[in-house]
Amino acid sequence: MFIGYYNLANFITLLGMTSAMSSMFLAYTGHYKLAVMAILLAGLCDMFDGRVARHANREDRKLRMFGIQIDTVSDMVSFGVAPAVIAYIYGLNKWYDIIILVFYVCCGAIRLAYFNTQAITETKDLNLKQFTGVPIPVICFVLPPLTLLMTLVSPGIMSWIMRTAYLLLGTAFIINVKIKKFGIVTALIIITIMLAVVAGLLLCGDVKTFM
């Protein structure tokens, strides 16, 4: 009745994209802390959808190919477009900020397309053992600490920290460096750190935007 392939892994992917979409709406309405928590949820979904996919339907190449494609689309929305929009809503809206944010998004798109190209042309099972360039979902573990800093640091200083972070991350997406995939231990460490950041956000004062 409907096109597409539906399994648990792809539903997790779509949940992550839904959460990232919600983060933009939350930021637009001034719920900045909830917005970064939604981005974090998108990141957690991305950490585990691939693991779920690799343990199911190993023999169905078409299904695995669809999973790669929908994951890429989701990543572009969740970790490319959404963080750029949130930064704009925070107040990075001058002409040079637009250039920085567009640069960030374009580098993210290049990174994702390159990853797909490698997976399709260099592997038989579509499972790369390492990354080339920093994975684009890293932003969801950078934006929450930056938002926490916005409750503590003056907007004038924080705006330049944010600009620098987006420039460096965009560059890191396309740098030709091999990076090993995260193991479960690393993932648990990251989750623990992010829970501490969320606790900090809940305890600290209001997020001071750059308006």
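Results, tabulated for the structure shown:
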item: Flag for residue 139 being in a helix (DSSP H, G or I) and either under 19 Å from residue 88 (Cα atoms) or within 17 Å of the chain's Cα centre (by Cα) (or both); result: yes
item: Which numbered condition residue 202 misses (of (1) under 20 Å from the mean Cα position of the chain (by Cα); (2) in a helix (DSSP H, G or I); (3) surrounded by fewer than 17 Cβ atoms within 10 Å (Cβ to Cβ)); result: (1)
item: Residue list for segment 173-185, filter: assigned to a helix (DSSP H, G or I) and loosely packed, with under 12 Cβ neighbours inside 10 Å; result: 184, 185
item: All positions within segment 1-49 that are in contact with a Phe, Trp or Tyr (Cβ under 9 Å, 6 or more places away or on another chain) and not in a helix (DSSP H, G or I); result: 4, 5, 31
item: Selected residue [more than 18 Å from the chain's Cα centre (by Cα), more than 18 Å from residue 42 (Cα to Cα) and buried (at least 16 other Cβ atoms within 10 Å of the Cβ)] from 150, 162, 211; result: 150
item: Any hit, segment 117-129, residues being of a type in the set (A, V, I, L, M), assigned to a helix (DSSP H, G or I) and either touching a helix residue (DSSP H, G or I) at 6+ places or on another chain (Cβ under 9 Å) or surrounded by fewer than 16 Cβ atoms within 10 Å (Cβ to Cβ) (or both); result: yes
item: Yes/no for residue 147 being closer than 16 Å to residue 33 by Cβ, modelled with pLDDT of 90 or more and not in a helix (DSSP H, G or I); result: no
item: Single residue of 201, 168 found to be among the hydrophobic types (A, V, I, L, M, F, W, C) and closer than 15 Å to residue 87 by Cβ; result: 168
item: Matching option when the condition is at pLDDT 95 or above and surrounded by fewer than 23 Cβ atoms within 10 Å (Cβ to Cβ), among 86, 3, 98; result: 98
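The values are calculated or read from the model by the stated rules, or taken from the named source; none is laboratory data. Keep in mind the model is a prediction, meaning the values are calculated, not measured. Positions of Cβ are generated from backbone atoms using ideal geometry, with glycine treated the same way; all protein chains shown enter the neighbour counts.
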